[in-house]
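Working notes, beginning with the structure itself.
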Amino acid sequence: MRIRVVLIGATLLAVLAYINHQPELNVMLAADNIEAVTNADFIADKIFDTISEAPSKDTLPSSLQGTSHGVTLTVHQDNLVITARLKDLFDYYLSAAGEETIAQISRRVELDFSSQLSALALQQALAIWQNYISYKTALVDLDQQYSANTHSLDKNQHLQILQQRQLSLIALQDQIFSASIAQILFSFDRQLDNHTLEKSAILASDMSAQAKQQSLINLNAQLPIEVTVSIKRNAQQKHLLDIDDVEGLTSEQKYNLRAQQVGEAAANRLQQLDEKRERWQQRINDFILQKQQLLEAELAEADYSIGLEALYQQNFASEEQLRAKALTR
């Protein structure tokens, strides 16, 4: 069983905030097990549909099959012990947005919680999940507020905007979760963001090149080991994405470049993922041709809708149809 790694996205699109009442939390706090977890970008218009059927606990969406979040929740004196791993669990299930609706994802989270927790601890975990959905929605507005009209700013003004956004982000987290819970859930992210801002401040300063280099060395030396590991991992991920962006590479050339970055075993897995994506894209392309043929038949609207639904059922398994519809609208 593989542990799924959810990659970081700098800007998060909307997820639906739909819960208005949360039970009062009485929780045990624990700051251990802080890991690097980041959030995939969400396609907002793909996740606002609702489906009445509850998902099967044992049947994951295709992107999660063969994986696990690896998070074991613990309880102390009937209260949930909160660690940063709880956010890992949330982000794991939310990474399937686009394949499943928020209603389905929420049901999966509830089933997962119910299998590990009961009574008060279960209520507390569900309340934090509900707050996490609200946080994702509020984060969209925050990003829009600070991303507008930044292209005309110089580097110092841009740095000030980033610093202001970081303060606003922390205030938002504290407001939604409470300061104590937010510190646990987002401790690692805050360390990484602070390091990025301090690095940007050094680079934007009037220091000499030699002084900047020494300051960066001193800054990196202060980093906790888990932050250092995450920065290296993110740099490696960027190199892999850069390889994907190079046009005209053969499969063998791409494999060799990846193997230099992550080793042959990981390069093999990435190549298999490429092949899986290519097969999926070919299925989408074939479906689009069939859809176009159906459209050109100039059927009545009701007949067209029936025919289109039949095409989805013929070409895609039930767990694939939400994703296929989002891609072929």
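Bear in mind that the values in this text are calculations on the coordinates, not laboratory data. Quick caveat, the model's predicted, so the values are computed rather than measured. Glycine also receives a Cβ, built like all others from the backbone with ideal geometry; neighbour counts cover every protein chain displayed.
Under the 0.36 nm per residue contour assumption, what length would be gained going from the current alpha-carbon distance of residue 207 and residue 329 to full extension?
38.6 nm
What does the charge dipole of the stretch 246-327 about its Cα centre add up to, to the nearest 20 debye, if the Cβ of each Lys and Arg holds +1 and the Cβ of each Asp and Glu holds -1?
Dipole size: approximately 440 debye.
Based on the Cβ-Cβ distance from residue 162 to residue 59, what FRET efficiency comes out when R0 is 45 Å, to the nearest 0.05?
Once the sixth-power term is evaluated, E becomes 0.60.
Run the dipole for the stretch 186-267 about the Cα centre, Lys and Arg Cβ at +1, Asp and Glu Cβ at -1, nothing else charged, and hand back the magnitude in debye, nearest 20.
For the stretch 186-267, the charge dipole is close to 240 debye.
Scan around residue 75 for amide H atoms under 5 Å from its own, H built in the peptide plane at 1.01 Å from N, and keep only partners 5 or more places away or cross-chain.
Placed amide hydrogens put 81 under 5 Å from residue 75.
Where the centre of each part is set by its Cα atoms, how far does the stretch 239-264 sit from the stretch 288-329, in angstrom?
Using only Cα atoms to place each centre, the spacing works out to 35 Å.
Nearest 0.05, what FRET efficiency do residue 276 and residue 235 give at R0 = 25 Å with Cβ-Cβ as r?
E(calc), rounded to 0.05, equals 0.45.
With a cut-off of 8 Å between alpha carbons and a minimum separation of six or more residues, what is the relative contact order of the stretch 142-241 in percent?
Computed value for the stretch 142-241: 23 percent relative contact order.
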